Structures are given as structure tokens and as C-alpha cells.
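Notes follow the structure.
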Amino acid sequence: MDQHPGAMANSAPLIVPNPADPRLTEKVTGVNEKGERIETSVTVERPLTLYLNAQEIVTMMTIGDYPDYLAIGYLLNQNMLKPTDVVTGVDYDEDLEVVVVRTEEHTNFEEKLKKRTQTSGCAQGTAFGDLMEALSEITLPKAEFRTSWLYRLTHAINTMPSLYLEAGAIHGCVLCREDKPLVYMEDVGRHNAVDKIAGWMFRHGESGADKIFYTTGRLTSEMVIKTVRMGIPILVSRSGFTAWGVQLARQCGLTLIGRAKGKRFVALAGEDRIVFDQDLTYVEEESARHRRKGAED
């Protein structure tokens, strides 16, 4: 479903989840709370080993779609690739479960990998010590965020096809412009879904300046760091906040909106971008059958 950025003028998203993809789920049998035999769908996760040129970087657990975007986005968000770097190729071998990102200049990240620290993200989420220094070089654009966009966005996202609704055990992230979802990615870890979108933006030369980032996951320091690195000024979630996530958002000038369900939301950073133009009388509460991950927060 890849299209060039000019196609964003259309109202239909460029990429949406495909719950019918047989690679992403499998059927298993078990029993329910009544002791009855049941069959249900579960999400498939598989390893993907990432190389940057000749250097092995990491093995990630992922659902396996869009490995090229995931690989590039991971490298960008870990500060291993710069936005100005030239990627000469991305090679994916499904049988070997390996993806290789090739650049014009070879680099060696052995020492950086030793500084890796595990974050609160599930699966293989990591952050490097020098990411904080890199954030100081980024100035987020001044942007407007209308509450009318938020309510139309959440309704549109909640009524889209979703692997989460089919099998659960998954997070979703959506790149948006105003009230339109553009690219919707899912994965077993929210950081993977973010990285896929970052990789898509890099491959298509798409700026984050006029974008909104929506996630079903918690608003942690990792989510804030990755959103800022993508140059996106507004981050929205169904879920709650961590203290460090709020602190970093305030330091970086990121608009941080959480607990966005039905009529409700809470903004804890960058409130000056918000334009309260929606009459809440005309906003419906969220339907239980459309709830995505994060409804429990």
C-alpha cells in the first residue's frame, strides 16, 4: 500500500492494519472460564536480526510486517542513522529472519551498544545515553492542535481494522495530519510500531512538522524521545503518563495529551498549542466494542 507523500491529500490512510493477513495470527485451542473448548486467534511474533552494513545491531521480536521500515526507524531513533545519511539499500531475508540496512558510509557502533540500557518498553526497547544530548539539538515547530481534530481522529482510529481487536497482545501507533490518520502500524511492542512509522517517514521524505502522533501505549520517556526525534510536535495516547515522560515533554516543548477516550483527555505539557474549538455536547462516549489497548488506564 506504499504511496508517495503527495497521495496524503486523499482522505484514505496510506497504510492500515490487515487483520486478515495469515502471517500475523494463528489459531490455537484451549478452554474458557466455563471449561468449554474454544478456538481463538493469537498474535504471531518472530525474531528479526538487524544489521547496519556489516555490524550486527540487535534482534527484535516483531510481527514481521514492514521489516524495512522497522529497521530504518530503529536506527534513526537510536541515533545510529542521521536524517541526512544516505541509505543505499535495505535487504530482507525472510527465511534467515535478517534485515540489512546499507549506507554510503560504514560505521561501527560496538562501543555504543555497550552503553545500551533497557527501558520500560516491552520486548526489546532500548535507549542510548547520548540520546538525551541529541534531543537538545531539536527544536519542535510551533503548531496548532484543535480539539475537534482530536475527537474526529480518535473516532476514525477506533473504527479502523485492527489486529488488536482480532487477537490482542499488540500496540498501535498512528501518524496523523489534523483530523486524518495517514499511517497506522501495529506490533507486539509499541516501540516497534513507532519505529515503523519513523522508517516510513524517512523513506518517503516526510516531515513531522505538521503531524500528530497517536499511540495506544503509555506516555513514557521512550515515547517522548522518539516522537521528538521524528520532529513531531504533538503526542496523543489513550493511556497514562510516566513522570519522566512528562518532564521530558516539557523540556522539549512537546504537546503531551493522555487518557484520550470518549470526551476525556488530559494535557500535561505544551498546552499552549491546544485550541478548544469542540462543543462537547456533540461528542459521544467511546463504544466498548471499538476500544483499543489502553482502555484499562
**Prompt:** Going by how many other beta carbons lie within 10 Å of each one, how would you line up Met223, Met230, Met80, fewest first?
**Reply:** Met80, Met230, Met223
**Complete:** Between Asp93 and Lys27, Cβ-based FRET efficiency (R0 25 Å, step 0.05) works out to 0.40
**Complete:** Note on region 208-263: alpha-carbon gyration tensor, axes a ≥ b ≥ c; rule is a/c under 1.5 for rounded, else prolate if a/b larger than b/c, else oblate; result oblate
**Prompt:** How about region 136-244: which trypsin sites (Lys or Arg not before Pro) there are in a DSSP loop, with at most 16 other Cβ atoms within 10 Å of their Cβ?
**Reply:** Lys142
**Prompt:** Local charge sum around Leu70 (other residues, Cβ-Cβ under 11 Å, Lys/Arg +1, Asp/Glu -1)?
**Reply:** -3
**Fill in**
Total charge of the residues flanking Thr88 in space, meaning their Cβ is under 11 Å from its Cβ, with Lys and Arg +1 and Asp and Glu -1, is -3
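Rule-based calculations on the coordinates, nothing more; no lab input. Values in this document were obtained by computation on a predicted structure and should not be read as measured data. Methodologically, a virtual Cβ is constructed for each residue, glycine included, from the backbone with ideal geometry; neighbour enumeration extends over all protein chains shown.
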